[in-house]
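A short reminder: the numbers here are calculations on the coordinates, not readings from a lab. A quick note: this is a predicted structure, and the numbers were derived from the prediction, not measured. Every residue, glycine among them, receives a Cβ derived from its backbone with ideal geometry; neighbour counts consider all protein chains shown.
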Amino acid sequence: MQKINKVLIVGTGIGGGALACALADRGIEVHAIDNKPCISAAGTGICLLGNTLRALDSIGLKSDCLERGAPFHMFREFDSTGSSIMACPIGDNCGIKRPELSHVLESHATRRGAILSKNISIESVRDDGRAVLVRFTDGSEAEYDLLVAADGAFSRLRDQFFGQEFRPRFAKQSVWRFNARRPASLDGFHIFRAANGTAVGVLPTSAESCYLFHMENSQEHLRYPDDELDGLLIERLRSYDAPLIRDALEQIKSPADVLFRPFDITLVPAPWHRNRIVLLGDAAHAPTPQLTSGGGMAVEDAVVLAQVLSDHPVDEALNMYSQRRFDRVKRIFDASYQLSVYEQNPLENREKSAKLLMESYQFIAQPC
Ligand SMILES: Cc1cc2nc3c(=O)[nH]c(=O)nc-3n(C[C@H](O)[C@H](O)[C@H](O)COP(=O)(O)OP(=O)(O)OC[C@H]3O[C@@H](n4cnc5c(N)ncnc54)[C@H](O)[C@@H]3O)c2cc1C
């Protein structure tokens with residue numbers, strides 16, 4: 001049986017990092033590269049849902065995430081003044097700062113024997129169907145049994161080997177995000193809804209920190225001047241009187257404290273491989289973030305890919321990987337996009353959104 005011994009992972013984000021851990025754990029030689037220099041201190045947080053925690057647990061990473069993050073089990077909804085509308089217990093979830101999650105993934109991968117190289121990328125790739133010969137930007141060359149493109153939504157490897165038609169398209173929505181100190185009242189995922197249908201979400205990311213987000217609809221792919229982001233966000237949240245939001249806004253000291261990002265989405269049809277090059281995470285499927293699941297799907301991809309590669313001959317394993325992943329990922333991708341479409345007319349679609357959210361979270365909770 002032809003098995004994989006040596007793998008190159010391009011991209012050490014959530015998907016690439018999780019795969020490096022999972023493959024190294026199974027005794028496969030792993031080289032993972034990233035074109036960024038090191039773990040970024042910037043960025044906000046991410047929500048690890050129950051299914052993501054389960055996938056992380058299966059590769060021995062859950063307890064470190066819980067320790068470095070903020071486990072929570074409560075969802076609360078408020079109006080823009082901070083008056084409670086509803087509260088409900090939810091399953092196991094964990095908010096965590098993105099750099100903390102990267103630290104967990106990369107430290108485990110290294111400890112398990114994976115080689116991580118930063119500040120380096122790929123100059124050329126030759127895939128002869130049995131092996132992949134790679135020339136790196138530092139001039140070195142190496143041969144691998146498999147190349148995993150975990151290089152994100154704007155994957156250059158996907159462009160090269162799958163075609164330009166899978167380039168992300170704008171979902172007519174963008175997000176504002178910023179970090180703040182965690183108030184004592186924040187016991188889970190809180191949403192503040194204004195009368196005009198807009199909302200501010202708040203997620204704890206550690207015992208001391210949280211992050212806030214606010215969506216903005218637009219027909220065009222928006223870009224704002226970097227040095228105006230703080231003022232533009234404060235202006236947009238002017239009508240929110242809830243003390244938690246006012247206190248958080250007061251902590252913004254400079255435009256660099258605020259992140260603005262349009263949602264660019266893509267879904268590549270199965271199969272997710274061409275010869276010995278395979279897509280993983282956002283490179284294969286980048287959804288809108290309404291179901292807080294893009295990172296979770298990337299971790300599940302990593303768990304499934306590592307499992308099939310160690311149990312089956314490589315060609316069979318690669319087919320099994322897309323077969324096991326595609327329908328689940330598509331359902332979550334479609335529901336996430338539908339929720340963002342509903343948010344174009346939030347007041348009109350409120351009940352439909354709530355129903356789809358509930359059904360989708362039940363689906364996501366099922367085993368992958
Ligand atoms: C606003 C927002 C909120 C979100 N919230 C959540 C959430 O709460 N929960 C959740 O599960 N998901 C969430 N997501 C989705 C999640 O962030 C992504 O799905 C996840 O980061 C995808 O991981 P990835 O490893 O596939 O890609 P990425 O995290 O994008 O990593 C790709 C890596 O590849 C590297 N790279 C790129 N090009 C090259 C190259 N040419 N050579 C070498 N390296 C390269 C990059 O530097 C990067 O490190 C959210 C997304 C957004 C936009």
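So here's what we get for this one:
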read-out	value
Measure of compaction for region 94-246 (Cα Rg per 2.2 N^0.38 Å)	1.43
Farthest positive-ward along region 75-152 dipole, Cα basis, beta-carbon charges - from G139, S121, F75	F75
Mean Cβ neighbour count within 10 Å, used as a protection proxy, ranking 279-290, 194-205, 246-257, 95-106 highest first	279-290, 95-106, 194-205, 246-257
Region 86-214: relative contact order as a whole-number percent, Cα under 8 Å and 6+ apart	17
Cα pair distances in region 173-285, grouped into 10 Å bins until the bin that holds the longest one, percent each	12, 37, 27, 16, 7, 1
Rg ratio (alpha-carbon, reference 2.2 N^0.38 Å) - region 132-206	1.86
Antiparallel DSSP beta bridges within the chain, percent to nearest 5	70
Region 87-104 - phi-based ³J(HN,Hα) in whole Hz, Karplus 6.51/-1.76/1.60, Gly and Pro as x	9, 8, x, 10, x, 6, 9, 8, x, 8, 5, 4, x, 5, 4, 4, 4, 4
Computed over the chain: relative contact order in percent, which uses C-alpha pairs under 8 Å that are six or more apart	22
For region 128-165 versus region 353-367, the gap between their alpha-carbon centres in whole angstrom	35
Rg(Cα)/(2.2 N^0.38 Å) for the chain, N = residue count	0.99
Region 1-113, Cα convex hull volume normalised per residue, Å³	130
Segment R223-E359, extension gain: residue separation times 0.36 nm, minus the distance between their alpha carbons	45.6 nm
222 nm mean residue ellipticity, helices alone, for the chain (DSSP H n ≥ 4; -39,500 (n - 2.57); rounded to 500)	-11000 deg cm²/dmol
Ratio Rg/Rh, restricted to region 299-368 and using Cα atoms, in which Rh is the Kirkwood radius	1.17
Cα-only radius of gyration and Dmax that characterise region 257-355, units Å	16.0, 52
Value of Rg/Rh across region 164-203 [Cα atoms, Kirkwood radius]	1.15
With Cα atoms, 0 to 90° folded angle of helix 350-365 axis to the chain main axis	40
Sequence-separation-based contact order of region 199-337, relative, with Cα cut under 8 Å and 6+ spacing, percent	18
Flagged links, alpha-carbon separation over 23 Å, of K6/K118; K330/K355; K62/K352	K62/K352
Prolate/oblate/rounded call for region 232-281, Cα gyration tensor, a/c under 1.5 rounded	prolate
